[in-house]
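Trainee: Let me give you the structure first, and then I'll get to my questions.
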Amino acid sequence: MKNNHWKTISLEHKKIYQNKIIIKIKNINNRDQAKKLVNSLIMIDAQILPNLKQFEYYWKDIISCRVFNTYQKYIGIVYNIIRSKSNDILVIKNYYHEILIPFIKDTIIYQVDIINKIIHVNWN
């Protein structure tokens with residue numbers, strides 16, 4: 001979406017490179033054409049996403065999960081994720097404030113239940 005307008009595009013092909021998905025959009029053949037799409041929102045059918053390994057998650061599956069600590073105390077809902085050099089950071093909102101929790105498997109994040117949209121964290 002660019003300027004509040006959705007436009008249908010077609011993919012020529014896709015590949016995974018260094019844990020990122022690289023796509024070639026049909027009729028986008030040079031850098032100038034591609035630059036016009038910078039900062040656009042792209043919506044794709046989840047069925048074309050590659051299958052992930054165990055304990056890997058798409059952001060779309062993490063966002064809107066309810067988060068609880070080790071004492072089953074409700075912390076909030078994941079409403080955004082920030083990418084950082086060392087690890088992703090969950091942005092969790094509750095009634096009172098925003099909490100940033102690093103997504104570090106086993107140390108901080110000890111259970112992710114995508115089906116029930118629940119994440120358990122080692123966080124007070």
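Trainee: Starting at 0 and stepping by 10 Å, how many percent of the alpha carbon pairs of the range 59-121 end up in each bin?
Mentor: Result returned by the calculation: 24, 62, 14.
Trainee: Of the listed peptides 109-122, 73-86, what is their order by residue-averaged count of other C-beta atoms within 10 Å, with the highest listed first?
Mentor: Numbers: 109-122: 15.0, 73-86: 13.1.
So the peptides 109-122, 73-86, ranked by packing, come out 109-122, 73-86.
Trainee: Now a separate question. Want the number for ASN124 to ASN87: 0.36 nm per residue separation, take away the alpha-carbon distance, what's left?
Mentor: Numbers: separation 37, 0.36 × 37 = 13.32 nm, distance 1.98 nm.
Using 0.36 nm per residue and subtracting the Cα-Cα distance, I get 11.3 nm.
Trainee: Please work out whether the chain counts as rounded, prolate or oblate from its C-alpha gyration tensor, where a ≥ b ≥ c are the square roots of the eigenvalues and a/c under 1.5 means rounded, while otherwise a/b larger than b/c means prolate and anything else oblate? Walk me through the numbers on the way to the answer.
Mentor: Values: a/c = 2.52, a/b = 2.01, b/c = 1.26.
Cα axes put the chain in the prolate bin.
Trainee: Helix-derived [θ] at 222 nm for the chain: sum -39500 (n - 2.57) over DSSP H runs of at least 4, divide by residue count, nearest 500? List each step's numbers first, then the result.
Mentor: Details: 2 runs with 9 residues, N = 124.
Helix contribution divided over all residues of the chain: -1000 deg cm²/dmol.
Trainee: Something else now. Counting other beta carbons within 10 Å of each Cβ, put ASP88, ASP61, ASP106 in order, fewest first.
Mentor: Numbers: ASP88 17, ASP61 14, ASP106 9.
By the 10 Å Cβ count, ascending, the order reads ASP106, ASP61, ASP88.
Trainee: Same structure, new question: Measuring from label point to label point, each 7 Å out along Cα→Cβ, what is the ILE63 to LEU100 span in nm?
Mentor: 1.9
Trainee: Only counting other Cβ atoms within 10 Å, I'd like THR70, THR8 sorted with the fewest neighbours first.
Mentor: Values: THR70 12, THR8 5.
Result, fewest neighbours first: THR8, THR70.
Trainee: Can you say what percent of the DSSP beta bridges in the chain, counting only those with both residues inside, are antiparallel? Round to 5. Write down the numbers at each step before the final one.
Mentor: On the way: 24 of 29 bridges.
That works out to approximately 85 percent antiparallel.
Trainee: Positive end of the dipole of the chain, charges at C-beta (+1 Lys, Arg; -1 Asp, Glu), about the Cα centre: which of ILE28, PHE68, GLN54 has its Cα farthest in that direction?
Mentor: Among ILE28, PHE68, GLN54, the one farthest towards the positive end of the dipole of the chain is ILE28.
Trainee: Report the charge-dipole magnitude of the chain in Debye, nearest 20, computed about the Cα centre from +1 at each Lys and Arg Cβ and -1 at each Asp and Glu Cβ. Please list the in-between numbers first.
Mentor: Details: 19 positive and 9 negative charges, 111 e Å.
Charge dipole of the chain: 540 debye, to the nearest 20.
Trainee: Percent relative contact order of the chain, based on C-alpha pairs within less than 8 angstrom and at least six residues apart?
Mentor: Values: 163 pairs, mean separation 20.2, N = 124.
16 percent.
Trainee: Let me have the relative contact order for the range 59-121, percent, based on Cα pairs under 8 Å that are six or more residues apart. Intermediate values should be presented prior to the final figure.
Mentor: Details: 121 pairs, mean separation 19.9, N = 63.
Normalised by residue count, the contact order of the range 59-121 is 32 percent.
Coordinate-derived values only; no laboratory data. On a predicted model such as this, the values are computed, not experimentally measured, just so you know. Note: ideal-geometry Cβ built from the backbone for every residue, glycine included; neighbour counts use all protein chains shown.
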